[in-house]
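The values are calculated or read from the model by the stated rules, or taken from the named source; none is laboratory data. Here the structure is a predicted model, which means the values were calculated and not measured. Here the Cβ positions follow ideal geometry from the backbone for every residue, glycine too, while neighbour counts run over all protein chains shown.
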Amino acid sequence: MTYDQQILKVLTEAGEGGVSVQAIAKHVYNMNCTFFFQPDYEEIRTYVQQYLLRNSKSAQSIIESTGRRGYYRLNTEGSADARQMMLQFREERVEEKEEEKPQQDLSLSLFD
């Protein structure tokens, strides 16, 4: 998964409230840390910051600023792609809830 996809995934999970550049950078950093490799945090933070600035310029872009300095969210008003990403994420959560139904124990008791 590339940094771009990871940034969009974090923004999708954040929802309408948005999330700060620092928090996005930490999430992306943690997604890329392994036992044998640790990327440079400053490099990832710079990339995330530049990516968000580049992709939040126009009203139709997939990312928008929340009005609070350094906070971004998906632009669900002006971008059909962002709306679709939010719908897909919500559908995944609904499916997870349905799978968590407890199984009823139908085995026979040995001591009755």
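Output the number of the condition that Asn30 fails; it satisfies all remaining conditions of (1) modelled with pLDDT of 85 or more; (2) in contact with a Leu (Cβ under 6 Å, 6 or more places away or on another chain).
Single failed check for Asn30: (2).
Taking the conditions exactly as written (over 20 Å from Ala25 (Cα atoms), at pLDDT below 65 and either among the hydroxyl-bearing types (Ser, Thr, Tyr) or more than 14 Å from the chain's Cα centre (by Cα) (or both)), does Lys97 satisfy them or not?
Yes.
Can you tell me which residue among Glu64, Glu92, Glu42 is closer than 20 Å to His27 by Cβ, at pLDDT 70 or above and exposed (fewer than 13 other Cβ atoms within 10 Å of the Cβ)?
Only one candidate qualifies: Glu42.
Which ones in the range 39-73 are closer than 13 Å to Ser20 by Cβ and hydrophobic (A, V, I, L, M, F, W, C)?
Val48, Leu52
Of the numbered conditions (1) surrounded by 14 or more Cβ atoms within 10 Å (Cβ to Cβ); (2) of a type in the set (Ser, Thr, Tyr); (3) modelled with pLDDT under 85, Ser58 fails exactly one; give the number of that condition.
(1)
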